[in-house]
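> Quick one: the structure is below, questions incoming.
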Amino acid sequence: MPTRFSYDDLKVATENFIKKLGEGGFGSIFEGCLEDGTKITVKCLDGIGQVKKSFLAEVEIISNIHHVNLVQLIRKKIIQDGAKGLAYLHEECRQNILYLDIKPPNILLDEKFNAKLSDFRLAKLIDRNQSQVMTMMRDTPDYLAPEWLSGVITEKVDVYSFDIVILKILSGQRHFEASETEEERIMLNLFRKKAKEG
């Protein structure tokens, strides 16, 4: 049987539901931390009735899943789905689309762990005969390709950003750790360190 928490417990753990991670099939998802330091995600349901029954069924299933290979399979699927979405934007749309904001919070998962690119507010349309576009540097520096410094960008900046996401997924590193040093935030340094550790 899964552990049950009161609404007040969850309110404290999420600091009054301030860190919203995204939207799921049944409602909004928030980040939290229990008193013992365990990181949690909290799903706030939209509506009642069938939604509640479906959600409780999902919790029952998830609470019984404990297999060493599942997370690895999910990570691989997230990478494959993200790559397919990016390839579609770059190669299959009538006009090519530069996404320009690839980072973990913009890759949402549905109930079957299908990864979906979201938040297209920074995206740019470019004609098929156009190879580059001029634009201003965006936020989230950890995922920015060096080309951003010139302001002349191509689809390669999306590929670079997605590579950083892949490294984070493979290393198990979270999107952002406030306690990280600048050196630790550079993914190549992290991989060198992990390789030395074995």
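> Note down all Cβ pairs under 6 Å where the first residue falls in the stretch 110-126 and is of a type in the set (D, E), the second is in a loop (DSSP other than H, G, I, E, B), and they're at least six residues apart or on different chains.
Every condition considered, the pairs that remain are E111/G25.
> Filter the stretch 169-189 down to the residues that are modelled with pLDDT of 65 or more and either touching a helix residue (DSSP H, G or I) at 6+ places or on another chain (Cβ under 6 Å) or among the small types (G, A, S) (or both) and list them by number.
First, the residues of the stretch 169-189 that are modelled with pLDDT of 65 or more: 169-174, 189.
Across the stretch 169-189, the qualifying residues are I169, S171, G172, N189.
> Yes or no: E15 farther than 22 Å from A115 by Cα, surrounded by 10 or more Cβ atoms within 10 Å (Cβ to Cβ) and at pLDDT below 80? Full working, then the answer.
Working: farther than 22 Å from A115 by Cα: yes; surrounded by 10 or more Cβ atoms within 10 Å (Cβ to Cβ): yes; at pLDDT below 80: no.
It is false that E15 is farther than 22 Å from A115 by Cα, surrounded by 10 or more Cβ atoms within 10 Å (Cβ to Cβ) and at pLDDT below 80.
> Restricting to the stretch 19-38, name every residue that is at pLDDT 80 or above and not in a loop (DSSP other than H, G, I, E, B).
Those that are at pLDDT 80 or above and not in a loop (DSSP other than H, G, I, E, B): K20, L21, S28, I29, F30, E31, G32, C33.
The values are calculated or read from the model by the stated rules, or taken from the named source; none is laboratory data. All of these numbers come straight from a predicted model, not from anything done at the bench. Here Cβ is always computed from backbone atoms with ideal geometry, including for glycine, and neighbour counts include all displayed protein chains.
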